[in-house]
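A short write-up of the structure that comes next.
No value in this document is a laboratory result; all are computed from the given coordinates. Remember, predicted model here, so these are calculated numbers, not experimental data. Neighbour counts run over all protein chains shown; Cβ positions are idealised from the backbone, glycine included.
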Amino acid sequence: MSALAILPINFFLPSLPGMATEFDVAYGIMGLSLAAYAGVSACLQLVLGPLSDRFGRRPVILWALAIFIVATIGCAMAPDAGTFLACRMVQAIIAPIYAVSLAAIRDTTSREQAAGQFGYLAMAWAIAPMLGPTFGGLIDQVLGWRSSFYVLAFFGAAVLVLCWTDLNETNRTPSSTIAEQYRAYPELLGSKRFWAYCVCMAFSVGAFYAFLAGAPLAASAFDLSPAMLGLYMGSITGGFMAGSFLAGRLAGRLPVTTMLVVGRIVACAGLLFGLVLYAAGIDHVLALFGPCLFVGVSNGLTQPSASAGAISVRSTHTGSAAGLAGAVTVAGASITAAVTGAVLTVENARSGLLFVMLASAVVALGAALLARHLESTAPKTP
């Protein structure tokens, strides 16, 4: 489910030019398939989480998978761009299933154990967007872009069968009304602990979004081929996978908040080192991408712990908390990416990128330290 929740975002990206040509529309119109998908998925984060608290994780997951399969087949059969975009927005129902899967894990484990499981889950979440465009491009080249969506639908059907046969209901204490779950939002938003974890997640991911927005411009000075640029940019995702694996291995041995703080220190130290290299006049591609690799490792350590902490603030509202935390994270990280695009120029690209990423990492470290302080004075959560 974790891989399927992220895979549809970029699986078909190599096909966009051909799709625009076939539908006889501008490339920008087809580009809306990304923005519209992201917008709808962010809104659905606020819906599916509470629904899973009210009706259970299993029915929400099964229905979301079924709707995703139908919408994906609709994308494959779309006769025009308008139909495709409509089906594409419905297809976004799969994205919040990642948050529901986090809630399902938290239902059956302690907070520390959940952080470990989230770490392994994040590895699948990271692998899917790394491999997706490559396989999507190969399928398009051999069978055409519509086949890419049929493959996604088949993948969705396989996950549906697996969940139908193997996923039991984990929410043993569903709420009595859906309104009760939406009343959880003011309660969660009024919690300093919840905000500390959310801000930590938002600005941790924000540093990654800043990297995606600014690295191509910063790397333009090194005259890299597109293939080499893609390889270097993929290194941060490799670091994320390594950090997620470490988070899984260290879960239970270190408190959640300790792992949170350690992860953020790794990011700040790596980016500071990058600025030192820049100040020393070391002009090499590894002097840019090497320090950024630490951001990937640190996010892999941070995200599982922050997620576990955020959805554990109210034990009866794990689904609502997971959805709300996901929405806050996406919103905050998107703002960081927008700021990056606004402040970077060709002249300041390398130093500016490192400064923006470091500023985001420092805010996340402050939130992690606050979360640690608040947890030390809060009642223990099982």
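Rounded to the nearest whole angstrom, the semi-axes of the ellipsoid equivalent to the range 265-350, taken from the Cα gyration tensor as √(5λ), stand at 33, 17, 8, largest first. With N as its number of residues, the range 2-169 has a Cα radius of gyration that, divided by 2.2 N^0.38 Å, comes to 1.06.
Over all pairs of different C-alpha atoms in the range 182-377, the reciprocal of the mean inverse distance, the Kirkwood hydrodynamic radius, equals 16.9 Å. Roughly speaking, what is the centre-to-centre gap between the range 254-281 and the range 329-382 when only Cα atoms are used, to the nearest Å? So the two Cα centres are separated by 12 Å. What the Cβ-Cβ distance of Ser147 and Ala38 gives, at R0 = 22 Å and to the nearest 0.05, is a FRET efficiency of 0.35.
Peptides 299-309, 50-60 ranked from most to least packed give 299-309, 50-60, packing being the mean of other C-beta atoms within 10 angstrom over each peptide's residues. Relative protection proxy for 201-209, 188-196, 337-345, from highest mean packing down: 201-209, 188-196, 337-345 (other beta-carbon atoms within 10 angstrom). The longest part of the chain holding none of the exposed loop GluC sites (Glu not before Pro), meaning those outside H, G, I, E and B in DSSP with at most 14 other Cβ atoms within 10 Å, is 170-346. Sorted fewest first by neighbouring Cβ atoms within 10 angstrom, Cys200, Cys268 come out as Cys268, Cys200. In plain terms, the chain from Met77 to Arg172 could stretch by 30.2 nm, reckoned as 0.36 nm per residue minus the Cα-Cα distance.
Plainly put, the range 232-295 has a radius of gyration that is 1.07 times its Kirkwood radius, both from alpha-carbon atoms, as the Rg/Rh ratio.
Shown for the chain is the translational diffusion coefficient from the Stokes-Einstein equation, using the Kirkwood radius over Cα pairs, a temperature of 37 °C and a viscosity of 0.692 mPa s: 154 µm²/s. Structural size metrics of the range 78-124, computed from C-alpha coordinates, are Rg and Dmax of 16.2, 49 Å.
When peptides 273-283, 70-80 are ranked by their average number of other Cβ atoms within 10 Å per residue, the highest-first order is 70-80, 273-283. For the range 65-71, putting each phi into the Karplus relation 6.51 cos²θ - 1.76 cosθ + 1.60 with θ = phi - 60° gives couplings of 4, 4, 5, 4, 4, 4, 5 Hz, in residue order, rounded to whole numbers and with x for Gly and Pro. Per-residue ellipticity at 222 nm, computed for the chain from helices alone with -39500 (n - 2.57) per DSSP H run of at least four residues, works out to -28000 deg cm²/dmol.
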